[in-house]
Each structure stands twice: as C-alpha cells, then as structure tokens.
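Written out below as structure tokens is the structure these notes cover.
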Amino acid sequence: MTFEERATRADDGVDELLDDASRRAWTADMTVRPFGDAYLVSCEEGTQFVSLTESDCSCDEEGVCIHRRRVAIEINRGRVPPPEARTVDCQGCDREVAASVAGEPPFLCPDCDLAPGDIVVDAQGSPDTPLLVISSPGRPSDVVTVPDDGCTVAEYPGNDDQPPDAPVVECVYPQAVSTERAPRRYVFPVTRLVDPDEADDKVTAGSGGE
Ligand SMILES: [Zn+2]
Ligand SMILES: [Zn+2]
C-alpha cells in the first residue's frame, strides 16, 4: 500500500472535506517534523523549511505552497503540535521541551528529568557517593525552604551556580539508610544531580589530563 492510499484510507470521509489543493498536499508523500519554531517537510524532491509564524517556506513558491498546506493540515489533525504550543524551555538546561511531554510544570527535558528510584551523584560532591532520588522534581529552588535551615534551596551554600528556578528533588544517601531511623532527606536543585556514568566520565577525563 502506498503512503497516499494509507493516508486516504485513514481519513476516509474527512478527506472529502478538503479542497483539491489541500487534498494534493495531504496525500503527497511527505513527512512533517517540528523543528525549533518551524517545521521540516521532507518529500522526494528534498526537505523544505516551513515557518507558519512568518508564513514562509524555503521552496519560494508564490502563494500558499503544498508544503505549507501540508503543515497546516497536519496541525489541524493533531499530528504535529501548533507553533505556539510546541515547546517550552527546559528548567534544567537550555534545551527546549516538547509541549506534549511537558504537560504540567516543572518542564524538564528527558535528560534533566528525574524520577523516584533514580540513582544520581551530587555534581559538587564525590562521584563515588550515590544518591537515591525519592521524589519527582517539584517546585523551584527559590521557593523551597531547606528543612531545619530557613533559607531557600537556591540560597543554600553550594547552590549559587544553579538556576534559581531549577526544580527541587528530594534524595537520600542509600549507604546511610538504616532500619532504626527514618533516612535523612536532602533537597537538591535537579541541575546539581548528574548521572553516575557522566560523573565517572568527568573524573576520568579530569585525571587523564593530569
Ligand atoms: Zn513550500
Ligand atoms: Zn534539560
């Protein structure tokens, strides 16, 4: 089955509502991918860069070209997100997060996100001391107060290099957990916690250069 047949078949009925130009755009063999604030439309002739916010397509065709039509249809059908709803800034790095993934705050890209059960290390501590994450990333560092202290996580010594709005996660040191008392919980800006493998890499790279 060709792509045209599949596309038409999947949207039987809806397809009849399209005018001829739109139907051609919809049934043409093209793939549409979000790209930054725009879209990439790939077809046999190559890949075009389509910006709906600037009503622009790299094919330079007069009027509304087939690529822009295709992007508009894909958005209308929910197959790609609309430009304004597509991305938000990750609160842990300068990457952008797909809005469909972000849903509700905190907005974190897959690399920055942590979940209960994850093992991490403190980027400012020993790379050999694992920390067990016990909460999902929550409120920003500058509104969470450090237990038994009174200052916010953002103000806490050692956190000055972290973004003040980095979401906070709770951790315990699994090596210090005993059955006799509840483990002490520590709060960290998510940006200060790294994958143990990455920490190893850094240590290796550092010692290798000496
Ligand atoms: Zn075009
Ligand atoms: Zn990130």
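Readers should treat all values here as calculations from the given coordinates under stated rules, not as data from a laboratory. Computed from a prediction, not measured in an experiment: that's the story for all the values here. We place every Cβ from the backbone using ideal geometry, glycine too, and count neighbours over all the protein chains shown.
Observations
- Database remark: amide H of Cys59 closer than 5 angstrom to the amide H of Phe49 (H placed geometrically; neighbours at sequence offset of 5 or more, or on other chains; Pro and chain starts carry no H).
- Note, ³J(HN,Hα) from phi for region 188-196, Karplus 6.51, -1.76, 1.60, rounded to Hz, x at Gly and Pro: 9, x, 4, 5, 8, 9, 10, 4, x
- Sorting the segments 111-118, 146-153, 190-197 by their mean number of nearby beta carbons within 10 angstrom, highest to lowest, gives 190-197, 111-118, 146-153.
- Three-way shape call for region 119-202 based on the alpha-carbon gyration tensor, with the a/c threshold at 1.5: oblate
- Full extension of the chain between Ser42 and Asp56 gives 3.5 nm of extra length, using 0.36 nm per residue less the Cα-Cα distance.
- Residue by residue, region 178-183 carries 3J(HN,Hα) couplings of 10, 7, 7, 9, 5, x Hz when phi is fed to the Karplus relation 6.51 cos²θ - 1.76 cosθ + 1.60 (θ = phi - 60°); x denotes Gly or Pro.
- Spacing of the modelled spin labels on Gln175 and Arg139, each 7 Å from Cα toward Cβ, amounts to 3.2 nm.
- FRET efficiency estimate (nearest 0.05) - Cβ-Cβ, Arg77 to Arg184, R0 35 angstrom: 0.10
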